[in-house]
Structures are given as C-alpha cells and as structure tokens.
Amino acid sequence: QVRLVESGGGLMQPGGSLRLSCTASGSAFSLYAMDWYRQAPGQQRELVAAIRRGGNTDYADSVKGRFTISRDNAKNTVYLQMDSLKPEDTAVYYCHTGWRRVDYWGQGTQVTVSS
C-alpha cells in the first residue's frame with residue numbers, strides 16, 4: 001500500500017508560478033516512477049509530467065519549457081514546479097505511481113489560473 005498526499009495548489013494569476021508537492025508513504029520511494037496528471041472540468045485526465053527512478057523526465061507538449069518535475073528521495077517527495085501559468089492550466093492535479101501492478105493516486109489539489 002502506497003499513500004500519496006499532495007499539497008501546494010491554489011489560485012494564481014496568469015504568468016505566475018506554483019509548486020506542487022506529493023509525499024509518499026513507505027520505504028521504497030526511490031524505486032517508484034512518479035507522475036503528475038491533471039483533470040480539467042469536462043475533460044479526461046491527462047499526463048502532465050513523469051520522472052523515472054533514475055531521474056529521467058518526460059513532459060506533455062503543452063507544458064514543456066514551463067513545468068519542471070523533480071524528486072527528493074530523502075524526503076519521499078516529488079515536486080511539480082509550474083511557471084508561466086496559463087488559464088488552460090486550471091485543473092485538479094493528481095500525483096500517481098504504479099507499484100507492483102497497482103495504481104496509486106493522491107487526493108488531488110486544485111490549481112486555478114485566473115486574473
């Protein structure tokens with residue numbers, strides 16, 4: 001069982017920045033691949049960024065150059081630094097990992113980008 005707890009969402013003006021955090025339970029965090037997904041109202045959940053256990057990263061085209069995913073294995077935490085935010089980034093953001101063929105999700109954190 002892996003428990004994921006997100007924090008850091010909120011309301012931000014266009015062009016601003018937010019940093020999301022996701023802390024995982026357990027002692028095997030360094031072995032997890034970690035992802036951030038988001039889901040906007042009326043839309044399907046989409047993959048935003050991923051970081052493998054070796055540190056390799058992938059990003060959705062819509063966030064490349066603006067978002068950065070990183071991890072701190074000593075703190076069991078993965079981060080999503082979001083810069084140059086746009087209104088279309090508004091969504092609930094979810095932390096995710098798959099471990100031993102089981103998907104684990106956080107509770108989600110709301111990000112709203114609006115002036």
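The values are calculated or read from the model by the stated rules, or taken from the named source; none is laboratory data. Not measured: the values here are computed from a predicted model. Positions of Cβ are backbone-derived with ideal geometry, glycine not excepted, and every protein chain shown enters the neighbour counts. Heads up: the accessible areas ignore ligands, DNA and RNA and are worked out on the full protein's heavy atoms, side chains in. Shrake-Rupley method; radii C 1.70, N 1.55, O 1.52, S 1.80 Å.
Considering only residues of the stretch 68-78 that are over 13 Å from ALA33 (Cα atoms) and either surrounded by fewer than 13 Cβ atoms within 10 Å (Cβ to Cβ) or at pLDDT below 95 (or both), which is nearest to the chain's Cα centre (by Cα)?
The extreme case among them is LYS75.
Being more than 23 Å from SER30 (Cβ to Cβ) and surrounded by fewer than 20 Cβ atoms within 10 Å (Cβ to Cβ) is the filter; apply it to the stretch 85-106 and report the residue that is nearest to the chain's Cα centre (by Cα).
VAL92
What's the number of the condition TYR59 fails, among (1) modelled with pLDDT of 95 or more; (2) touching a Ser or Thr at 6+ places or on another chain (Cβ under 6 Å); (3) of a type in the set (Phe, Trp, Tyr)?
The number of the failed condition is (2).
Of everything in the stretch 62-101, what is in contact (Cβ under 8 Å) with a residue 24 or more places away in the chain and among the β-branched types (Val, Ile, Thr)? Give them in sequence order.
Passing the criteria: VAL63, ILE69, THR77, VAL78, THR90, VAL92, THR97.
Anything in the stretch 6-32 that is hydrophobic (A, V, I, L, M, F, W, C), open to solvent by 20 Å² or more (accessible area, probe 1.4 Å) and at pLDDT 95 or above? List them, or say none.
LEU11, MET12, LEU18
Could you check the stretch 79-96 and list, in sequence order, the residues that are in contact with a strand residue (DSSP E or B) (Cβ under 6 Å, 6 or more places away or on another chain) and either small (Gly, Ala, Ser) or at pLDDT below 95 (or both)?
Answer for the stretch 79-96, where residues must be in contact with a strand residue (DSSP E or B) (Cβ under 6 Å, 6 or more places away or on another chain) and either small (Gly, Ala, Ser) or at pLDDT below 95 (or both): just ALA91.
Just the residues that are open to solvent by less than 70 Å² (accessible area, probe 1.4 Å) and not hydrophobic (A, V, I, L, M, F, W, C), please, taken from the stretch 52-67.
GLY55, THR57, TYR59, SER62, ARG66
Look through ALA28, ALA49, ALA60 and report the one residue that is under 23 Å from VAL102 (Cβ atoms) and in contact with a Leu (Cβ under 7 Å, 6 or more places away or on another chain).
ALA49
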